[in-house]
Each structure stands twice: as structure tokens, then as C-alpha cells.
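J.: Take this structure first; my questions come after.
The values are calculated or read from the model by the stated rules, or taken from the named source; none is laboratory data. Since the model is a prediction, treat every value here as computed from it, not as a measurement. Glycine also receives a Cβ, built like all others from the backbone with ideal geometry; neighbour counts cover every protein chain displayed. Areas reflect the complete protein model, heavy atoms only, side chains present, ligands, DNA and RNA absent. Shrake-Rupley method; radii C 1.70, N 1.55, O 1.52, S 1.80 Å.
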Amino acid sequence: MMYVTATVSALLVFIFIKLSFQVIELRKMHKVAFGDGGIDALERAIRAHANFAEYVPMGLILMGALELNGAPWMLVAFVGGFLVLGRYFHAKGINEPPPEFRNRVRGMKITFAALGLSAVSNIAWVAYLLLSVS
């Protein structure tokens, strides 16, 4: 069972929905059907949504692989928590008017930490499993 990955996925979906609604509202407000219409706020909302969609799948794949291979749930929850925090801070930061990049940078650092830790954890856990069978 993938309880941790399911829980983290659900939390991330709530953020994704919020980002989607921000784009929809700005499109309605500015009457822009495609692209950003040269509207800075809409461009930022679109990029926040797209960036989220670009990074989250890899994080969830790594988490799911770790959990399916029987890694301790606390490890999976730890990397999942980092992924949620990273994506939250990045979305918050990218939607703040420039030049305030503090949350955006913090979000990317945490996201990269989550992805890197997930990748290393998967390699280490699989190596442990393979060596313990021998």
C-alpha cells in the first residue's frame, strides 16, 4: 500500500487546484483565452501552475517507488513533506509581484532538496535491498 504517497499526492492536488483557479480567474478578469495577453499577473499565474505540473510528477514517482520498495514510511513522509513545502513556497513566491524572489528561491531549493533526497534514497534503498538478499 502507498499510504504516504497517496496522502502527499492529495495535498499537492489541493495546491494544484488553487493554482488552476488563479489562472482561470485572471483569464476571466482580463478576457484572455490563450496565452497571457501581456498581463504580468496572468503570466506569473500560468508559470506557477506550469512549474508545479513540471516538478511534482517526478517527485511523486520517486516517492511511490520508494514506498513500493518497502522503505520506512517516515523516510517517504520526510521527502514528501519537503516536496509539499517546496511547491507551496515556489507557488507563493512566483505569484508575488517582482522583484521579491525570496519565497520562489526558497521553494526551488526545497523542491530540489526533495528530489535529490528522493533520488539518493531510492538508490540507497535498492542497494540495501539487493545487498541484504545476497
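J.: Would the range 24-41 turn up any residue that is touching a residue at least 24 places away in the same chain (Cβ under 8 Å) and in contact with a Gly (Cβ under 7 Å, 6 or more places away or on another chain)?
T.: no
J.: Could we say that Ala33 is open to solvent by 50 Å² or more (accessible area, probe 1.4 Å), at pLDDT below 95 and of a type in the set (Gly, Ala, Ser) here? Quick ask: steps written out before the conclusion?
T.: Working: open to solvent by 50 Å² or more (accessible area, probe 1.4 Å): yes; at pLDDT below 95: yes; of a type in the set (Gly, Ala, Ser): yes.
The answer is yes for Ala33.
J.: Which of the residues that make up the range 36-47 are within 17 Å of the chain's Cα centre (by Cα) and buried (at least 19 other Cβ atoms within 10 Å of the Cβ)? I'd like the intermediate steps shown before the answer.
T.: The initial filter retains those residues of the range 36-47 that are within 17 Å of the chain's Cα centre (by Cα), namely 44-47.
Those that are within 17 Å of the chain's Cα centre (by Cα) and buried (at least 19 other Cβ atoms within 10 Å of the Cβ): Arg44, Ala45, Ile46.
J.: Could I ask something else about it? Is there a residue in the range 91-105 that is of a type in the set (A, V, I, L, M) and buried (at least 20 other Cβ atoms within 10 Å of the Cβ)? Give the steps one after another, and end with the answer.
T.: Here is the first cut: in the range 91-105, the residues of a type in the set (A, V, I, L, M) are 91, 94, 105.
Subsequent filtering for residues that are buried (at least 20 other Cβ atoms within 10 Å of the Cβ) retains 91, 94.
Yes, there is a match, as at least one residue in the range 91-105 is of a type in the set (A, V, I, L, M) and buried (at least 20 other Cβ atoms within 10 Å of the Cβ).
J.: State all residues of the range 42-59 that are in contact with a helix residue (DSSP H, G or I) (Cβ under 6 Å, 6 or more places away or on another chain) and either farther than 15 Å from Lys92 by Cα or of a type in the set (Gly, Ala, Ser) (or both); if no residue qualifies, say none.
T.: Ala45, Ala48, Tyr55, Val56, Gly59
J.: For Gly116, indicate whether it is exposed (fewer than 15 other Cβ atoms within 10 Å of the Cβ), small (Gly, Ala, Ser) and not in a helix (DSSP H, G or I). Explain how you work it out, then say what you get.
T.: On the way: exposed (fewer than 15 other Cβ atoms within 10 Å of the Cβ): yes; small (Gly, Ala, Ser): yes; not in a helix (DSSP H, G or I): no.
Here the answer is no, as Gly116 does not meet what is asked.
J.: Something else: Residues to consider are Ala50, Ala124, Ala77; find the one that is free of Cβ contacts under 8 Å to residues at least 24 places away in the same chain and either open to solvent by less than 40 Å² (accessible area, probe 1.4 Å) or touching a Cys at 6+ places or on another chain (Cβ under 9 Å) (or both). It would help to see each step written out before you state the result.
T.: Details: Ala124 fails: either open to solvent by less than 40 Å² (accessible area, probe 1.4 Å) or touching a Cys at 6+ places or on another chain (Cβ under 9 Å) (or both); Ala77 fails: free of Cβ contacts under 8 Å to residues at least 24 places away in the same chain.
Result of the check over Ala50, Ala124, Ala77: Ala50.
J.: I'd like to check something: does the range 60-71 contain any residue that is free of Cβ contacts under 8 Å to residues at least 24 places away in the same chain, part of a loop (DSSP other than H, G, I, E, B) and in contact with a helix residue (DSSP H, G or I) (Cβ under 6 Å, 6 or more places away or on another chain)?
T.: Filtering the range 60-71 down to residues free of Cβ contacts under 8 Å to residues at least 24 places away in the same chain leaves 61.
This time we only want the ones that are part of a loop (DSSP other than H, G, I, E, B), so: none.
Within the range 60-71, not a single residue is free of Cβ contacts under 8 Å to residues at least 24 places away in the same chain, part of a loop (DSSP other than H, G, I, E, B) and in contact with a helix residue (DSSP H, G or I) (Cβ under 6 Å, 6 or more places away or on another chain).
J.: I'd like to know if the range 41-54 contains one or more residues that are outside any helix (DSSP H, G or I) and more than 28 Å from Val120 (Cα to Cα). Reasoning before the result, please.
T.: If we filter the range 41-54 for residues that are outside any helix (DSSP H, G or I), which is where we start, we get none.
No, the range 41-54 has no match at all.
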